[in-house]
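What follows is a short report on a single structure.
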Amino acid sequence: MKVIVVKNAAEGGKQGFQVFKDALANGAKVFGLATGSTPISTYDEITSSDLDFSHVTSVNLDEYVGLGPDHPQSYNYFMHEHFFNKKPFANSYLPDGLNKDAEAETKRYDKVIADNPIDLGILGLGRNGHIGFNEPGTPFDSTTHQVKLTESTIAANARFFDNEEEVPKYAYSMGIGSILKDKQILLEAYGEEKADAVKGMIEGPVTPDLPASSLQNHDKVIVVIDEAAASKLSKKY
Ligand code: F6R
């Protein structure tokens with residue numbers, strides 16, 4: 001892993017932009033994308049640049065089951081707001097949250113990934129070390145699957161919805177096995193609350209208990225973290 005420590009997320013966005021730009025210059029055709037607060041500074045840099053990526057494809061990591069693209073909490077909505085409406089790709093794929101047939105949808109999405117092998121995957125990191133919606137315990141060879149959200153995730157998400165009933169109970173997520181097939185990975189993490197997960201990911205044992213530790217098995221990973229997220233690492237990077 002190549003570890004780059006920056007002052008803050010704004011600086012991280014500049015690093016993320018450079019990684020995206022270099023991948024594009026090296027002929028990348030497919031970009032894997034995450035939602036969440038972490039990649040926003042990178043997406044802002046990309047969408048406000050004059051980079052031409054109108055010929056390439058994006059494939060997102062995950063989506064809530066039951067939420068369509070018009071729902072403000074759907075990841076599809078998020079991606080349009082923070083990325084695609086500002087500057088589109090030629091094609092953009094996300095799991096279809098409105099498809100209630102989990103077997104059909106996960107199979108369809110595995111085919112999307114197989115047909116569009118990811119050259120650069122951009123990841124965030126959960127406080128518990130999750131990547132995508134792959135929570136601790138997810139096998140390293142997993143493909144796209146339906147995830148039952150934990151009570152704590154549902155409770156944490158409730159604040160974004162009008163009532164508890166509306167909070168999705170399931171999500172579709174690209175598996176760890178699929179993520180590890182990305183030719184190159186950029187993982188960003190900012191803030192002190194990510195420090196334990198960052199330490200486990202970089203210095204800890206490789207274990208399904210900390211899904212991001214699987215990235216130690218990948219030979220082309222760039223990690224961009226701020227000083228707070230790097231604060232528990234045992235050496236300087
Ligand atoms: C989102 C995703 C998640 C997030 C992670 C960090 O598509 O796959 O793994 O990257 O939960 O979220 P933030 O960036 O909001 O801290």
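The values are calculated or read from the model by the stated rules, or taken from the named source; none is laboratory data. Predicted model, so just to flag it, every value in this text is computed and none were measured. Here Cβ is always computed from backbone atoms with ideal geometry, including for glycine, and neighbour counts include all displayed protein chains. All accessible areas refer to the heavy atoms of the entire protein, side chains included, with ligands and DNA or RNA removed. Shrake-Rupley method; radii C 1.70, N 1.55, O 1.52, S 1.80 Å.
A few points about this structure:
- For the stretch 36-174, DSSP calls about 75 percent of its internal beta bridges antiparallel.
- Mean Cα-pair separation over length for the chain, i.e. relative contact order, pairs under 8 Å, 6 or more apart, %: 26
- Accessible area per residue for the stretch 89-130, computed on protein heavy atoms with a 1.4 Å probe, is 49 Å².
- The chain, accessible surface, carbon-and-sulfur percent (1.4 angstrom probe): 49
- Overall, the chain carries a charge dipole of about 740 debye about its Cα centre when +1 sits on the Cβ of Lys and Arg and -1 on the Cβ of Asp and Glu, all other atoms neutral.
- At q = 0.13, 0.19, 0.27 Å⁻¹, base-10 log of I(q)/I(0) for the stretch 62-119 (Debye sum, equal scatterers on each alpha carbon): -0.35, -0.74, -1.14
- The Cα-based radius of gyration of the chain, divided by its Kirkwood radius, gives an Rg/Rh of 0.94.
- Beta bridge orientation in the chain: antiparallel %, DSSP, nearest 5: 25
- Listed residue pairs exceeding 31 Å between alpha carbons, taken from Lys87/Lys232; Lys100/Lys232; Lys7/Lys183; Lys2/Lys29: Lys87/Lys232; Lys100/Lys232
- Under 19 Å from the Cα of Lys107 - aspartates and glutamates, other chains or at least 8 residues apart: Asp62, Glu63, Asp96, Asp115, Asp141, Asp182
- Residue-span extension gain [Lys14 to Lys169] - 0.36 nm each, minus C-alpha spacing: 52.3 nm
- Cα-based shape type of the stretch 130-199, given that a ≥ b ≥ c are square roots of the gyration tensor eigenvalues and the cut on a/c is 1.5: oblate
- Per residue, the stretch 144-237 exposes 48 Å² of solvent-accessible protein surface, assessed with a 1.4 angstrom probe and all protein chains in place.
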